[in-house]
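Have a look at the structure below before the remarks.
The values are calculated or read from the model by the stated rules, or taken from the named source; none is laboratory data. Just so it is clear, the structure is predicted and the values come from calculations on it, not from any experiment. Don't worry about glycine lacking a Cβ; one is built from the backbone with ideal geometry, like all the others, and counts go over all protein chains shown.
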């Protein structure tokens, strides 16, 4: 269950921004196995479908407080993006509860909500309204959003003509300039040139205040250690560790090195 509790909640350093309780997310995928020629002849060419159940998240309990910049690390398939999608309200949990105390701005929600047939300008308004802003508030911030994105005249082109980097620039600009209570960034800083990455990192640092919570998902461990004051490590949908960035990153790196060594031993 996902709920937005007391949207106008008065928050300060230490009060809860996001509460995740016993969270589970399970989904089923369908896999069609290609049959051999002999099997195809027997079954008149039809492949056989198999279903696979995946536990993306398993019994995650976590509170994120205002004043926290939480980094989330883990290998591909660890459940990082799944957790962000549930917290953002994009995907409902299979089990457990998520409570969010405040306004949320997330690149995930913007990415899902952007309309490729509409221009960048129109999508700024669409994204701002989705983030809870009024049209007059978007009017006031539009120039700042457009300037930050560095899209120039492309802001009036349909988003279907954008590259992935341009798309990410606009999404980050909307999410970061609206100054939400809770900002969720998932791998956005890995897209774009070095100059824009640095600009985005500096904007994230500006947003680190006592009355705001930031959640950053990234494979860039140096960025996580630089920006965050707390880190969690996920592995195969489970919460493995939580604590100071340097400590959790060291534990994660040790685990990854051991796993690589074990795989190498198996291959020999």
Residues (in a loop (DSSP other than H, G, I, E, B) and out of contact with any helix residue (DSSP H, G or I) (no Cβ under 7 Å at 6 or more places or on another chain)) located in region 76-105: 76, 77, 78, 79, 89, 92, 94, 101, 102, 103
Enumerated strands (runs of 3 or more DSSP E) restricted to region 1-70, each holding at least 2 residues that are farther than 21 Å from residue 237 by Cα and at pLDDT below 60: 2-4
Some residue of region 138-154 being in contact with a helix residue (DSSP H, G or I) (Cβ under 9 Å, 6 or more places away or on another chain), closer than 28 Å to residue 68 by Cα and part of a loop (DSSP other than H, G, I, E, B): no
Filter result for residue 197 (out of contact with any strand residue (DSSP E or B) (no Cβ under 7 Å at 6 or more places or on another chain), part of a helix (DSSP H, G or I), at pLDDT below 95 and surrounded by fewer than 12 Cβ atoms within 10 Å (Cβ to Cβ)): no
Of all residues making up region 126-137, the number that are exposed (fewer than 14 other Cβ atoms within 10 Å of the Cβ) and assigned to a loop (DSSP other than H, G, I, E, B): 1
Tally, over region 100-113, of residues that are over 13 Å from residue 173 (Cα atoms) and at pLDDT 70 or above: 5
Positions within region 155-177 being surrounded by fewer than 17 Cβ atoms within 10 Å (Cβ to Cβ) and out of contact with any helix residue (DSSP H, G or I) (no Cβ under 6 Å at 6 or more places or on another chain), in sequence order: 157, 158, 160, 161, 163, 164, 165
Check on residue 208, surrounded by fewer than 22 Cβ atoms within 10 Å (Cβ to Cβ), assigned to a loop (DSSP other than H, G, I, E, B) and touching a helix residue (DSSP H, G or I) at 6+ places or on another chain (Cβ under 9 Å): yes
Restricting region 224-245 to residues that are surrounded by fewer than 18 Cβ atoms within 10 Å (Cβ to Cβ) and not in a strand (DSSP E or B), the residue that is farthest from the chain's Cα centre (by Cα): 244
